[in-house]
Amino acid sequence: MSATKVIRCAGSETPQNHRIKKASINTTEWVDWEYASTAAEAVKSLKLKVKSLQVIAVELDKRSVQYDKIEYKFPVAMFVGHESDGGSEESL
């Protein structure tokens, strides 16, 4: 299974930026994307649109579970925090 959409949030560059184009190796042309002002807003919006959505945060946290120990249930959304600051507590 592959990603069907990427939601970029505040503080992130968006496609059409040369840094995103280079880092993504042009995959911005293949995967839809949209922008949300915060990750918490994006998660809330997705949960309203997608019935029975499982949201998984990729984050170092005291509540973390190894990725191969999770029972994934589709549809699933993966939340990845900022590389420097991680995810906000509100988003987690």
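The values are calculated or read from the model by the stated rules, or taken from the named source; none is laboratory data. Please read all numbers here as calculations on a predicted model, not as lab measurements. Neighbour counts are summed over all protein chains in view; Cβ atoms, including those assigned to glycine, are modelled from backbone coordinates with ideal geometry. SASA here: full protein model, heavy atoms, side chains in, ligands and nucleic acids out. Shrake-Rupley method; radii C 1.70, N 1.55, O 1.52, S 1.80 Å.
Values as computed for the structure displayed
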{"quantity": "Under-5 Å amide H pairs with Ile7, H placed in peptide plane, nonlocal only", "calculated": "Glu34"}
{"quantity": "Accessible surface of Asp85 - all protein chains present, 1.4 Å probe, nearest 10 Å²", "calculated": "120 Å²"}
{"quantity": "Separation of the Lys44 and Asp85 label points, Cα + 7 Å toward Cβ, nm", "calculated": "1.8 nm"}
{"quantity": "Potential lengthening between Ala3 and Lys69 on full extension [0.36 nm per residue; Cα-Cα distance subtracted]", "calculated": "21.7 nm"}
{"quantity": "Amide hydrogen neighbours beyond the local backbone of Val55, cut-off 5 Å, H modeled", "calculated": "Ala77"}
{"quantity": "Amide hydrogen neighbours beyond the local backbone of Val31, cut-off 5 Å, H modeled", "calculated": "none"}
{"quantity": "Extension gain (nm, one decimal) between Trp33 and Ile56, 0.36 nm per residue minus Cα-Cα", "calculated": "6.4 nm"}
{"quantity": "Protein accessible area in the stretch 40-85, 1.4 Å probe - carbon and sulfur %", "calculated": "54 percent"}
{"quantity": "Accessible-area order (highest first, 1.4 angstrom probe) of the listed residues Phe79, Phe74", "calculated": "Phe74, Phe79"}
